[in-house]
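Everything below concerns the one structure shown next.
The values are calculated or read from the model by the stated rules, or taken from the named source; none is laboratory data. Computed from a predicted model, the values in this text were never measured in an experiment. Note: ideal-geometry Cβ built from the backbone for every residue, glycine included; neighbour counts use all protein chains shown.
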Amino acid sequence: MKQTLIIIASILSSFLFFEQSIGINLLIFSIITIIVLAFNNLKQFKDTKILLYCLVYVTTSVFVFIQDSSLSIFANCVAFFTLIGKISQSKTSIYINWLNGVFTSITGLFFRRVNAKKNIENTSPKKEVDFLHIAKLIGIPTLFIIVFVLLYKNGNPMFNDLVEQINFNFINFQWLLFTVLGYYLISNIVNPIQVEPATSNDLNTKNNLYKSKTFSIEKLKKEKQLGTTLLGLLNLLIILFIVTDIASLMSVETIKASDMSTQVHNGINTLIASIIIAIVIILHFFRGDLNFYSENKTLKNLTYLWILLNVVLIALIAIKNQTYITSFGLTYKRIGVHIYIFLTLVGLITTFIKVMTIKNMVFLFRLNTQIVFAILILFSAINWDTTITKYNLDNANSYDLQYLINLSDANAILLKHHSLEVELDAKFNRKIDWKYNNYLKHIKRKDWQEKSLKDYSITEVEQNL
């Protein structure tokens, strides 16, 4: 039954994906994958964590169907590996889930067979399959049949005509190869495996810090003095920087695009250096016994102030970047700046939690990777090409129309409507028309497996614009 299910799933996968682009087929494949995994891992599927990650995996495939974006496809792949890794061991960190998921998908079947040979139970020996004999049984007769068919063709015109009529064109060898690859993938993932010793090490590693056996008050006193002096001076420096930055923002009423770009990029460079240094310094001083030193209150307060001031610095850069966006429109780089700002804010908050609750570096890495995974899933729900286009056309004071034309075809209808409502340069009208017509042709050429929601939602009016 197990092998039958794998074969059926492999054939369905080939039917869905062979010579097809990504669309509703990925959603169907996700459902098939969960069915196969559930059938072979009933015990694991009683765990609510597994069911949650199944929901996340299916949700990302729904995002692919709705948005049809590269980011949603990437998020679906990450969710797939996460689910496979979570089934292998539900209690490990998410980055270990990724490791187990990728390793299982590539080498699961091979690894299980090799591992099974190493752990043969002391039972009655099973008769081994003589693969060499089977190969001879199939290969030798086939070889001689081919040789004699070629000989008989030359000796009998009627037999030659009969052989010539045999046509094997109905066999699609590329489809067969694709199906075999699908069978290999599904066979790999049916019973997810664990990469050792990474999995066991992760399970045995806790999040809390503990006082070491070499706890030295004299040594910690000196380290606390160093940390207090350093963080005190750094706090004064960042306060001076923030004050001057606010003053410069308030003193300038108008600013050129190039100047604003320079300010934002310089601010980001400052932010990168500042946050990295801040986190490294904090993690250095609170890496061990200083967390348990009774006179570390001043150092902790300076640390909290340092984190807070870096949050203020983040807010200033965010304001600059948003002002830039309002004036000159959205681009992927400007969205990337906002995302980086948000991630650095998350990093500071998790560092604050680590210091306050006396956690170790593993806790920080575990928490941050979980947050990054969640953000990836959330952001995959958005088609950024259409979002950028809508924002720029409706809200930006000025924008680069050529940049919008160069984006994917997801914004073709928006640009076509815009070209009909606003008088544009003739060259832009030609480019938009070319983009729009190619988009419609591409949709008409799609098979049902490749269709996404927006392909079904195009009205007759939009097709005749």
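A few remarks follow.
- Qualifying residue in the stretch 298-319 (condition: of a type outside the set (Phe, Trp, Tyr), touching a helix residue (DSSP H, G or I) at 6+ places or on another chain (Cβ under 8 Å) and farther than 30 Å from residue 226 by Cβ): yes
- Hey, residue 367 under 28 Å from the mean Cα position of the chain (by Cα), part of a helix (DSSP H, G or I) and free of Cβ contacts under 8 Å to residues at least 12 places away in the same chain or not: no
- Among the residues of the stretch 389-438, those that are of a type in the set (Ser, Thr, Tyr) and closer than 20 Å to residue 334 by Cβ comprise 389, 391, 398, 399, 403, 408.
Quick grid of which residues meet (1) surrounded by 16 or more Cβ atoms within 10 Å (Cβ to Cβ); (2) of a type in the set (Asp, Glu); (3) at pLDDT below 95; (4) not in a helix (DSSP H, G or I):
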| residue | (1), (2), (3), (4) |
| --- | --- |
| 385 | yes, yes, yes, no |
| 393 | yes, no, yes, no |
| 403 | no, no, yes, no |
| 412 | yes, no, yes, no |
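- Of the residues making up the stretch 176-216, those that are surrounded by 15 or more Cβ atoms within 10 Å (Cβ to Cβ) and either in a strand (DSSP E or B) or among the small types (Gly, Ala, Ser) (or both) are 182, 187, 198.
- Test: residue in the stretch 50-66 that is surrounded by 18 or more Cβ atoms within 10 Å (Cβ to Cβ), of a type in the set (Ser, Thr, Tyr), in a helix (DSSP H, G or I) and over 15 Å from the mean Cα position of the chain (by Cα): no
- Qualifying positions in the stretch 264-315 - hydroxyl-bearing (Ser, Thr, Tyr) and either closer than 20 Å to residue 368 by Cβ or assigned to a helix (DSSP H, G or I) (or both): 270, 274, 298, 303, 304
- When residues in the stretch 282-317 are screened for being free of Cβ contacts under 8 Å to residues at least 60 places away in the same chain and aliphatic (A, V, I, L, M), 6 of them pass.
- Residue 336 closer than 21 Å to residue 311 by Cβ, touching a residue at least 60 places away in the same chain (Cβ under 8 Å), out of contact with any Lys or Arg (no Cβ under 6 Å at 6 or more places or on another chain) and not assigned by TED's automatic domain parsing to the domain that holds residue 404: no
- Pick from the stretch 337-363, criterion of a type outside the set (Val, Ile, Thr) and within 21 Å of the chain's Cα centre (by Cα), ranking: surrounded by the most Cβ atoms within 10 Å (Cβ to Cβ): 347
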